[in-house]
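The block underneath contains the structure these notes are about, expressed in structure tokens.
Here, each number is a calculation from the coordinates, and none is a lab measurement. These figures come from a predicted structure and were not determined experimentally. Here the Cβ positions follow ideal geometry from the backbone for every residue, glycine too, while neighbour counts run over all protein chains shown.
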Amino acid sequence: MEFQIGFTDKEITPWGGMALMKKMLDQSKIDDLITFIGFSEPGSNSGYRAEQIIKSFLVSVWCGANRFLHTEVTRHDDVIRRIYGWSRICGQDTYKRFFQKFTQGKNQRVFTAMYQWFFQGLQFDNYTLDMDSSVLTRYGEQDGAKRGYNVKKPGRKSHHPLMAFVADSRMVANLWLRSGNTNAVSNMYSFLEDTLHKLSGKKIGLLRADSGFYGEEIFQYLEKRKEWREPINNIIAGRLYNPVQKKISQQNIWLTAGEGIEIGETQYCGISGKKERRMVIIRQYIPERPKATGKQLKLFQDSEIYNKYRYHCLITNLTLPAQQVWNLYRQRADAENRIKELKYDFGFDSFNMKSFYGTEAALNMVMLAYNLMSLFRQVILQEKTQPKLSTLRYRLFAIGGYMVKEGNHRILKLSLAMKRREWFLGLWNKTSQFSMPVSFSP
């Protein structure tokens, strides 16, 4: 059947569900935080205040912007403007100029305050902290973009950010941008000190890291940090250097931990040979587990016995049974899921500028958008399985709506099926009752 098209002057938004995030931002008192940080005032009457720039950037990311150009979509949404009470919405150049002003010192001051505000607002303690790094491929001429390890785009310039995740609450605790030619352990100690400062008042019950962070220096740091009354519990994947392979080859006692999986443990002095530490060894039988991860012992590649297994080793100060140590470490893989979601749904690898510290500032603001959305999922939605932001966009935030005025009141009319209206009103009431500090069960 043929049909014609017409037009309406009525202002309609496809993002009516963003009213929930507006209510949550108001209840969190984020404006007070931004005022406390003390951003400079706009240079003219037509300029934008920092409160609006930051919040409109967050809204753009939540609505799907994964680069500065995409923020133009929300810029022209008049209903979003009215929902948030703005006279107009920033464009991409405003965001770029805002982040361009950030320096190393300003990043430290601003984002230390933001991370501290966020985590001090969570009535939850004894965190599991996961350290990880990522590779962000760059195609232009950005500061700090260097050729380094890039498994997906060999030879391409990249940045190599260092990240810390609070596994228990699925949130980001810190991010430092680094040049692409740095290795995983570069700036590790300063980064960890900075992360602990941003989590001040919270206890780190366990620290986990992959083999990129393995080294005698990190173990000594964790064991001797003066501010800790006792060494922090840690599990760090070991690297299969030749001395480690020889130590593994001496292991005679193996306990079955599953089909084709065996676990053993021993004491290992490391390269320095100064202090013995507990090493948990996991080997997987390739004929039964052909897709098993790990590495073969190349030092014994002529041996038929060792060629049938792939190995992992974990260095830890935990006294738990070896299989429990391995199970705890395997949960660290969730950090990889956080990085994937940040890249695919939050534009983590796309918000980049020529300025190195401007890019770092933009990415840390993306981390704030991620943490607030994670808080929304856990405190407001309270579902057993936490949906990704891409799912929430189509299920919750992408609701057509328009604004009407009745008397002295503005009413957002949402186009929502009758059977979903009660569910949406329930979420609206939860956001109205939301307040910081917040208590939740991660």
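Some observations on this one:
- The range 126-160 versus the range 360-404: alpha-carbon centroid distance in Å: 26 Å
- Cα shape, the range 234-316, gyration tensor, a/c 1.5 rule: prolate
- Length-normalised contact order for the range 234-316 - Cα pairs under 8 Å, 6+ apart - percent: 33 percent
- Cα-based shape type of the range 310-428, given that a ≥ b ≥ c are square roots of the gyration tensor eigenvalues and the cut on a/c is 1.5: oblate
- Exposure proxy for Ser44, Ser374, Ser56, Ser432: other Cβ atoms within 10 Å of each Cβ, ordered fewest to most, give Ser44, Ser432, Ser374, Ser56.
- Sorted by Cβ neighbour density within 10 Å, fewest at the top, the residues Tyr306, Tyr95, Tyr149: Tyr149, Tyr306, Tyr95
- Sorted by Cβ neighbour density within 10 Å, fewest at the top, the residues Tyr241, Tyr268: Tyr241, Tyr268
- Computed from backbone phi with θ = phi - 60° and the Karplus coefficients 6.51, -1.76 and 1.60, the 3J(HN,Hα) list for the range 108-117 is 4, 5, 5, 7, 4, 5, 5, 5, 5, 4 Hz; x is used for glycine and proline.
- Here the sum of -39500 (n - 2.57) over DSSP H runs of 4 or more residues, divided by the residues of the chain, equals -11000 deg cm²/dmol at 222 nm, to the nearest 500.
- In this structure the amide hydrogen of Ala257, modeled in the peptide plane, comes within under 5 Å of the amide hydrogens of Glu262, Ile263, none closer than 5 places in sequence on its chain.
- The translational diffusion coefficient of the range 72-214, from Stokes-Einstein at 37 °C and 0.692 mPa s with a Kirkwood hydrodynamic radius over alpha carbon pairs, comes to 187 µm²/s.
- Label-point gap, in nm, between Ile12 and Thr137 - each point 7 angstrom along Cα→Cβ: 3.9 nm
- Relative contact order [Cα under 8 Å, 6+ residues apart], the range 1-145, whole percent: 23 percent
- Förster radius 25 Å - calculated FRET efficiency between Val151 and Tyr344, Cβ distance, rounded to 0.05: 0.90
- Contact order normalised by residue count of the chain, Cα under 8 Å, 6+ apart, percent: 22 percent
- Structure note, pairs Lys106/Lys340; Lys203/Lys246; Lys203/Lys340; Lys101/Lys384; Lys152/Lys198; Lys275/Lys340: Cα-Cα distances above 30 angstrom occur for Lys203/Lys246; Lys101/Lys384; Lys152/Lys198; Lys275/Lys340.
- Between the amide H of Gly16 and those of Ile399, Gly400, Gly401, distances stay under 5 Å, these residues lying 5 or more places away or on another chain, with hydrogens modeled in the peptide plane.
- Trp423-Ser190 pseudo-label distance in nm [points 7 Å out on the Cα-to-Cβ vector]: 4.9 nm
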